[in-house]
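What follows is one structure encoded as structure tokens, with my remarks underneath.
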Amino acid sequence: MNGLAPAPVPNQNQAMQNVVNPNAPAGYLNPVNPNAPPSYEESKKENDKESSKVDSTLVKKSTGDNFGINPSAPQHPSPQQQQQQHGHQQMIGQQQMVVGSSQGHNMPAMMDTDITQPGRLLITVTKGRSLKNKEIIGRQDPYVRIRCGRCRVQSQYHKNGGNRATWDATFSFVLDGSIKDFELTVLDKEIFRDDKVGSAIVEIPRLLSPPGVEQYVPIFGTTFFNSTPQKHGEVGIIAKYSIFKPGKLTIFLKDATLAENRDYGKQDPYVKFFLDNDKKTMVRSSTHNSAGKTPVWEQVLEVLVTGPEQFLDIEVFDEDTFSRDDKLGTTRLRVADLKLAVPGVHAFPLQHKGVPSGVLNFSVMWTTHV
């Protein structure tokens with residue numbers, strides 16, 4: 001089953017990072033954390049003000065390779081589901097495709113590589129190997145810092161990672177077409193002053209040739225006894241770039257399985273879709289009256305995208321007549337991932353107040369406006 005997991009409640013004591021599952025099967029869509037701390041929004045607003053235009057968002061990584069997906073769920077659609085999917089494909093037209101993966105990482109066939117055009121750069125720092133150990137006794141606690149344009153971000157540190165650290169941290173940057181590289185630094189977390197393990201200036205086009213494939217970048221540093229830069233290890237990086245293009249997301253909203261019924265009788269669910277928490281961009285489904293916990297919509301909706309939007313926010317409600325509508329679940333998806341989604345219905349787990357609250361099923365197709 002293709003789908004994505006709900007984001008966990010963030011730990012305020014850990015650095016927040018975007019979730020991109022490097023081991024997910026083709027077509028897996030990645031969750032992000034809707035409950036990021038205030039620093040998330042503050043840093044986003046600050047970066048949006050910069051005309052050079054590098055924005056960074058960090059959210060926390062889920063645990064487990066399946067990101068909450070039920071491993072016992074069927075992996076292949078039934079004949080009835082296949083027929084429904086075929087009808088959907090005829091309804092919304094031409095489909096997108098992805099090709100196979102490299103080293104276990106997804107590599108969409110149509111990823112952009114021209115960074116001279118404004119767009120969004122996703123950098124995933126996977127792991128470090130053969131890192132210079134800066135500790136005299138014990139093992140170091142390495143973390144990664146990236147400076148791209150006017151923006152600086154960092155991963156959480158790997159406790160006792162030593163010379164083989166794992167981060168799996170993904171960072172998002174908005175580029176204006178003038179930025180060609182970024183500074184990568186590995187540091188050892190200390191109580192008073194962090195020690196620099198090594199650094200490198202990384203050319204972005206190199207990482208995008210080919211895009212979506214893990215590549216190892218050497219870092220260099222000096223020691224107290226030797227001021228000549230020496231190789232101090234390598235860092236695994238995956239880069240993807242998406243040029244800002246206006247278009248639309250065509251959503252075929254199929255059905256849902258909800259965890260609870262909020263009415264005395266059977267609830268009346270509907271779904272809202274909007275971009276970057278902006279209700280002005282909202283489109284809403286019809287209401288399935290008396291559907292209870294198993295609403296079916298079979299409805300096509302279109303969400304217009306101007307270009308730089310980052311997230312598709314989704315909320316499921318129970319429509320009430322004499323009181324405020326009850327929220328049944330939410331999730332947040334990355335627009336860049338939706339643009340590259342494979343055809344077919346995906347399962348999107350919902351959360352409400354940090355607790356799993358059901359699954360929403362729909363397929364999506366991206367169309368670029370010419």
Could you sort Met282, Met365 by their accessible area in this structure, using a 1.4 Å probe and putting the largest first? Met282, Met365
Using a 1.4 Å probe over the heavy atoms of the protein chains, calculate the carbon and sulfur portion of the accessible area of the range 196-332 as a whole percent. 50 percent
Tell me, in nm to one decimal, what length is gained between Lys189 and Phe224 on full extension, where the rule is 0.36 nm per residue of separation less the Cα-Cα distance? 10.8 nm
Using a 1.4 Å probe on the protein heavy atoms only, what accessible surface does Arg150 show? Give it in Å² to the nearest 10. 150 Å²
For Glu203, Glu260, give the ranking by accessible area with the largest first, probe 1.4 Å. Glu203, Glu260
So what's the gap between the Cα centers of the range 338-364 and the range 270-292, to the nearest angstrom? 14 Å
Give me the extension gain from Val283 to Ser178: residue separation times 0.36 nm, minus the current Cα-Cα distance, reported in nm with one decimal. 34.3 nm
D (Stokes-Einstein, µm²/s), Kirkwood Cα radius, the range 319-360, 1.567 mPa s at 4 °C: 104 µm²/s
Asn163/Gln117 FRET efficiency (R0 30 Å; Cβ-Cβ; nearest 0.05): 0.20
Cleavage-rule hits, trypsin sites (Lys or Arg not before Pro), the range 286-370, DSSP coil, Cβ neighbours within 10 Å at most 14: Arg324, Lys353
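The values are calculated or read from the model by the stated rules, or taken from the named source; none is laboratory data. Since we're looking at a predicted model, the values are computed, not measured. Neighbour counts are summed over all protein chains in view; Cβ atoms, including those assigned to glycine, are modelled from backbone coordinates with ideal geometry. Remember, those area values only see protein heavy atoms, side chains included, never the ligands or the DNA or RNA. Shrake-Rupley method; radii C 1.70, N 1.55, O 1.52, S 1.80 Å.
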